[in-house]
Amino acid sequence: FYYLSRGKEGLSEYSSRLCHIAGESSQLFPLFLLGLKPSRKFTAVIWVSSPVLFQSQSVLKLIHAVSGSQYCAQILIMWNLEKPPPTSERWPLTAVPLKVIQGKKKMTHRFYPYAEILTDAVLSLDESSSLSTSEVDFAFVTWRSFPDRIVGFLTRSHFWDSSRNRWGYTSKWTNEFSMVLTAAAFYHRYYHSLFTDYLPARLRSLVDQISNCEDILMNFLVSAVTKLPPIKVSQKKEHKDPLSQQDLQSSTLSTVNLRFTQQQDCMNQFVSWFGYMPLVHSQFRLDPVLFKDQVSVLRKKYRHLEKP
């Protein structure tokens, strides 16, 4: 990876090369870069890795909400549990096709360019995500205006820690952010190909070894290519951070601190490889027209966003 060793100039050349290489295949190249609009439907990809959460029915509720979207084309369940997935009759009936794919229990495989993803738009979801159909609809409509960005709900930020002379990672709720977590986010399927085929194996191996930081790496990649921040959209309620199976079992402060330390270390290793910090800060959030305005709810298109 000669281009990355040359810093910003090299990465710009590298990003251009990625687009050129992807342009050799009409299936990989993002059509919005040619001035064409992305498709009007999306594929929801739900990552299932916790038997505790699956048994809590949260996945079934999520499937119901997502399948209710007028823009949903299909739902893919990425099954990453030791036991086999339920038979087809045990999954809820949906108005769109639902398919279960046996995963390989690697975090980076949530960004694999699966042939089953037939739409430009991918809605990446954790099994712990809690979304309403209105939230999904509004986020997708927003993404169609920004198809080169990550568009979602949960945000994080980076900062320079001068006392430690390294980059820091924070989950504090502020007006400023630089990352949108892929626990509930839209992005173009093109980035699956870049993530799998053009990021070095050692970065993906790091993510798989610790089962953490895959969302940080995806944000690094997208910001490096676009030179732009992600997009945050309004949400019905405060979404809880996704918890791993280990977190659910122990739920200890030491576990949380370990994951946070890993995220800090990941960020600095990613910066070292990219040759600079590609993340871009933003204070930009998109809300529906009349969101939380004191007018009749009947005048609001996404009226269910404001219901308790």
### Task
Sticking with the crude label model, points 7 Å out along Cα→Cβ, report the distance from residue 280 to residue 254 in nm, one decimal please.
4.3 nm
### Loop-located chymotrypsin sites (Phe, Trp or Tyr not before Pro) in segment 105-183 whose Cβ has at most 11 other Cβ within 10 Å (DSSP)
173
### Query
What FRET efficiency do you get for residue 273 and residue 172 if R0 is 25 Å and r is their Cβ-Cβ distance, rounded to the nearest 0.05?
0.45
### Query
Carbon and sulfur together cover what percent of the accessible area of segment 47-116 at a 1.4 Å probe radius?
55 percent
### Task
Give the peptides 72-85, 213-226 in descending order of average Cβ contacts within 10 Å, highest first.
213-226, 72-85
### Query
Based on the Cβ-Cβ distance from residue 226 to residue 96, what FRET efficiency comes out when R0 is 25 Å, to the nearest 0.05?
0.25
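The values are calculated or read from the model by the stated rules, or taken from the named source; none is laboratory data. It should be emphasised that the depicted structure is a prediction, and the values quoted were computed from it without experimental measurement. Quick reminder, even Gly has a Cβ in these numbers, built from the backbone with ideal geometry, and neighbours come from all protein chains shown. Quick note on the areas: whole protein, heavy atoms, side chains included, nothing else; ligands and nucleic acids left out. Shrake-Rupley method; radii C 1.70, N 1.55, O 1.52, S 1.80 Å.
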